[in-house]
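Enquirer: What follows is a structure written as structure tokens; I'll ask about it next.
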Amino acid sequence: MKVLRSVVRGTGSYLPARVMTNDELSRMVDTSDEWIVQRSGIRERHIAADGEVTSDLATHAARAALEDAGIAPGEIDMIVLATATPDNTFPATAVTVQANLGIEHGSAFDVHAVCSGFVYAVATADAMLRAGNARKALVIGAETFSRILDWEDRTTCVLFGDGAGAIVLEAVEEAANPDGRGVLSVRLRSDGRHKDKLYVDGGPSSTGTVGHLRMQGREVFRHAVGMVSDVIDGALSDAGMAAQDIDWFVPHQANKRIIDATARKFGWPEDKVVITVDKHGNTSAASIPLALDIARRDGRVKKGQLVMLEAMGGGLTWGAALLRW
């Protein structure tokens, strides 16, 4: 028996050229390399150049994913772009990427779930592909968080960076059992009661300004492992899988302590966990596709393997997606 599944055909990523180290940050705010590494695992991050906007990063990543998939831009009939730092209030940054790629058909739109955005975008694209609304989709996570940071707030400015990652998904008939490739299950959650724990203090309807990122770091950390564990359990259960079946855990790259604690809870050793937070910092919706692209290109993630994605972000939002590569 066959079912329609969303199968990953290619991956791509892009990082701005400028690298900002912890030592450089220590000359800007009262912090140190030791303090940042101990609390987050971050050693450096990439910062977008003047005039380099989110759609630029997304377009680079999209082109790399298309090349990897061996698919021409004209074959794409849907773009879903996860971002919390769009070029403009409107239109969606996805339509700029669509134009940059020379695509004149199909649909393009943004998904806004902050750090969980890429998992939400995968869920959205998967549902539309399986419903027959598109055949091939670009799913992108892209952020320029450096534009919304308060560079005098040492508790937040040390954590974030800029970047973009993308995957190409194609609707393909696969085996109906868990051995079939593609997206197997997705669990999404949100709880708006926690909005004030991680937010931006501005917006068109409230202040008429962009605002800066604000975070209650200890509160976010306190909720993180329990929340993401819940959706991981759900995604495994929905697919009829157990934790020991997973080949690769590709988490949102926010904090190494959270990643380590989650992996321990499911019994996943360090050599099954893809970690890029030390080099990229927290790139929000871009972090999972960035890590995926690196792990696939260096040969770790291989065809037929089971990959678990998870993220938690402002909202609070959180989610997990299980796929067979």
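Enquirer: What full-extension length gain, to one decimal in nm, is calculated for Arg222 and Glu75 as 0.36 nm per residue of separation minus the Cα-Cα distance? Present the calculation step by step, with values, prior to reporting the outcome.
Expert: Details: separation 147, 0.36 × 147 = 52.92 nm, distance 4.40 nm.
Full-extension gain reported as 48.5 nm.
Enquirer: Sticking with the crude label model, points 7 Å out along Cα→Cβ, report the distance from Asp201 to Trp35 in nm, one decimal please.
Expert: 1.9
Enquirer: At a probe radius of 1.4 Å, what is the per-residue accessible area of Asp150, in Å² to the nearest 10?
Expert: Using a 1.4 Å probe on the heavy atoms, I get roughly 40 Å².
Enquirer: Going by average Cβ density within 10 Å per residue, which order do the peptides 224-233, 240-249 take, highest to lowest? Provide the component values of the computation, followed by the final result.
Expert: Values: 224-233: 19.3, 240-249: 15.6.
Ranked by mean Cβ neighbours within 10 Å, highest first: 224-233, 240-249.
Enquirer: Compute the distance from the alpha-carbon center of the range 100-177 to that of the range 27-89, in whole Å.
Expert: 11
Enquirer: Let me ask something additional. Which value in deg cm²/dmol, rounded to the nearest 500, describes the helix-derived mean residue ellipticity at 222 nm for the chain, given -39,500 (n - 2.57) per DSSP H run of n ≥ 4 and division by the residue count?
Expert: Details: 9 runs with 100 residues, N = 325.
Counting only the DSSP helices, I get -9500 deg cm²/dmol.
Enquirer: In addition: If the cut-off is a Cα-Cα distance under 13 Å, which aspartates and glutamates reach Lys272, setting aside same-chain residues fewer than 8 apart in sequence?
Expert: Cα-Cα hits under 13 Å: Asp245, Asp247, Asp260.
Enquirer: State which helices in the chain qualify, where a helix is a whole DSSP H run, it must extend 20 Å or more along its own axis by its Cα atoms, and its mean Kyte-Doolittle hydropathy must be at least 0.0.
Expert: Correct list, ordered by number: 217-239.
Enquirer: Using the 2.2 N^0.38 Å rule of thumb for compact globular proteins, work out how the range 58-127 stacks up: its C-alpha Rg over that value, please.
Expert: 1.06
Enquirer: Treat the range 240-325 as a sphere of radius equal to its Kirkwood radius over Cα pairs and apply Stokes-Einstein at 25 °C in a medium of 0.890 mPa s; give the translational diffusion coefficient in µm²/s, rounded to a whole number.
Expert: Translational D for this selection: 188 µm²/s.
Enquirer: Please report the antiparallel percentage of the DSSP beta bridges confined to the chain, to the nearest 5.
Expert: 75
Enquirer: May I pose another question? Under 5 Å between amide hydrogens, which residues at least 5 positions from Ser185 or on another chain qualify, with H placed 1.01 Å from N in the peptide plane?
Expert: Placed amide hydrogens put Leu322 under 5 Å from Ser185.
Enquirer: Defining a contact as two alpha carbons under 8 Å apart and six or more residues distant in sequence, what relative contact order in percent does the chain show?
Expert: 26
Enquirer: Given a Förster distance of 30 Å, report the FRET efficiency between Arg147 and Glu104 from their Cβ-Cβ distance, rounded to the nearest 0.05. Don't skip to the end; give the middle numbers.
Expert: Working: r = 30 Å, r/R0 = 0.99.
The pair Arg147/Glu104 has a calculated efficiency of 0.50.
Enquirer: Residue separation times 0.36 nm, minus the C-alpha to C-alpha distance between Val210 and Glu67: what's the value? Kindly include the intermediate steps, with their values, before the conclusion.
Expert: Details: separation 143, 0.36 × 143 = 51.48 nm, distance 3.48 nm.
Here the answer is 48.0 nm.
Enquirer: Under a 5 Å amide H to amide H cut-off, with H placed in plane at 1.01 Å, what residues pair with Thr144 once short-range neighbours are removed?
Expert: Residues meeting the amide H criterion: Thr85.
Enquirer: Can you tell me how the chain classifies by the Cα gyration tensor, rounded, prolate or oblate, using a/c under 1.5 as the rounded cut?
Expert: oblate
Enquirer: Convert 10 °C to kelvin, take the viscosity as 1.306 mPa s, use the Kirkwood radius over C-alpha pairs of the range 28-154 as Rh, and evaluate the Stokes-Einstein diffusion coefficient in µm²/s, rounded to a whole number.
Expert: Result for D is 99 µm²/s.
The values are calculated or read from the model by the stated rules, or taken from the named source; none is laboratory data. The model shown is predicted, which means the values in this text are computed figures rather than measured ones. Here the Cβ is made from the backbone with ideal geometry for all residues, glycine too, and neighbour counts use every protein chain on show. Side chains included, ligands, DNA and RNA excluded: accessible areas come from the protein's heavy atoms. Shrake-Rupley method; radii C 1.70, N 1.55, O 1.52, S 1.80 Å.
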